[in-house]
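**Student:** Okay, handing you the structure first.
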Amino acid sequence: MIRLHHVPQSRSMRTLWLLHELGIEFEVVQWPFDKTLRSPEYLKLNPAGRVPALEMDGRCIWETGAITEVLCERFPETGMGRMPGDDERIDWLIWVHFAETLSQHVAALTQQHLVLYDDAMRSPVVMQIEAKRAAKCYEAIEARLEGRDYLLDGGFSAADVSVGQAVYMARHFAPIEPYARLADWYGRITARPGFIASLPISDSERLYTRDYYEAWEA
């Protein structure tokens, strides 16, 4: 049995979406976004105290990029990966891991807008800088999508899942509408059943209570 340890609207959503796209059997253990992730029980699964953690083949794997590579190599027949020797392998790896570049900025923005409990701890400057950095990532995606429906010429893959989930999170802080190719691509991939199945089931599970958080004025 493959078991995913997951927090809704977090990086583990990337793995959940991929598992649905792979069409394999798995189970989900859902954790709250709180100090439970620092408990001895959870730290045995992921010593960093973060999600995801994926139990498979008698061991636990963590870090979304590593999980994506392992799952795609474990199930190559799904076409979600690009195996060693494939002409698209390098580009696939670049975009799978580029998702974490964008996610870094999302994490900083989430901390500023949601996690810090005292307004005096929040920084309008950090909010503005990180939102602009997220937009810079959008520019890279927009350029890549020129003449393409997906990030790779060979079609939809785990690279689209990885980057698409990061964009889903980033949209809470940096709008994608100014980027026409990115917006079209995002609409296409988020219409997939795998993405829809990875969304929070109820409002009570949502980390983000708003669709958009605007940066404060300095």
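**Student:** For the chain, set up a GNM with springs between Cα atoms under 10 Å and report which of 187, 164, 58 has the largest fluctuation.
**Tutor:** 58
**Student:** While we're here: Return the single residue from 162, 202, 39 with maximal mean-square fluctuation; model: Gaussian network over the chain, springs between Cα atoms under 10 Å.
**Tutor:** 202
**Student:** When a/c reaches 1.5 or more, the comparison of a/b and b/c decides; with that in mind, is the stretch 28-100 rounded, prolate or oblate per its Cα gyration tensor?
**Tutor:** Prolate is the answer for the stretch 28-100, as a/c is 1.5 or above and a/b outweighs b/c.
**Student:** Of all chymotrypsin sites (Phe, Trp or Tyr not before Pro) in the stretch 172-214, which ones are in loop regions per DSSP and have a Cβ with at most 13 other Cβ atoms within 10 Å?
**Tutor:** Passing both the DSSP loop test and the Cβ count: 212.
**Student:** May I pose another question? Ignoring everything but the protein chains, give the 1.4 Å probe accessible area of residue 16 in square angstrom, nearest 10.
**Tutor:** 10
**Student:** Further, regarding this structure: When the helices in the chain are scored as -39500 (n - 2.57) per DSSP H run of 4 or longer and the sum is shared across all residues, what 222 nm value do you end up with, to the nearest 500 deg cm²/dmol?
**Tutor:** -14000 deg cm²/dmol
**Student:** Tell me, how many Å apart are the Cα centres for the stretch 162-218 and for the stretch 1-44?
**Tutor:** Each part reduced to its Cα centre gives a spacing of 19 Å.
**Student:** I've got another one for you. With a ≥ b ≥ c the root eigenvalues of the C-alpha gyration tensor of the stretch 157-218, is it rounded (a/c under 1.5), prolate (a/b larger than b/c) or oblate?
**Tutor:** Here the stretch 157-218 falls in the oblate category.
**Student:** In the Gaussian network model of the chain, springs joining C-alpha atoms below 10 Å, which of 120, 174, 197 carries the largest mean-square fluctuation?
**Tutor:** 120
**Student:** As a test of understanding, state the convex hull volume per residue of the stretch 98-218 from its alpha carbons, in Å³.
**Tutor:** With only Cα atoms used, the stretch 98-218 gives 101 Å³ per residue.
**Student:** Relative contact order for the stretch 8-56 using alpha-carbon pairs under 8 Å, separation at least 6, rounded to a whole percent?
**Tutor:** Computed over the stretch 8-56, the figure is 39 percent.
**Student:** Same structure, new question: Go through the stretch 79-84 residue by residue and turn each phi into a ³J(HN,Hα) via Karplus (6.51, -1.76, 1.60, θ = phi - 60°); whole Hz please, and just put x for glycine and proline.
**Tutor:** x, 7, x, 10, 6, x
**Student:** Is the shape of the stretch 33-151 best called rounded, prolate or oblate, per the rule: a/c under 1.5 gives rounded, else a/b larger than b/c gives prolate, else oblate, with a ≥ b ≥ c the square roots of the Cα gyration tensor eigenvalues?
**Tutor:** Numbers: a/c = 3.89, a/b = 1.18, b/c = 3.30.
Cα axes put the stretch 33-151 in the oblate bin.
**Student:** Using label points projected 7 Å from each Cα along Cα→Cβ, tell me how many nm separate residue 111 and residue 205, to one decimal.
**Tutor:** 2.7
**Student:** Which lysines, on any chain, are close to residue 44 with Cα under 27 Å apart, when same-chain ones fewer than 8 places away are left out?
**Tutor:** Cross-link targets: 35.
**Student:** Got a sec? What order do 105, 97 fall in by accessible area at 1.4 Å, biggest, i.e. largest, first?
**Tutor:** Accessible-area ranking of 105, 97, largest first: 97, 105.
The values are calculated or read from the model by the stated rules, or taken from the named source; none is laboratory data. In this text, all values refer to a predicted model and were calculated from it rather than measured experimentally. We place every Cβ from the backbone using ideal geometry, glycine too, and count neighbours over all the protein chains shown. Note: accessible area is taken over every heavy atom of the protein model, side chains too, but ligands, DNA and RNA are not part of it. Shrake-Rupley method; radii C 1.70, N 1.55, O 1.52, S 1.80 Å.
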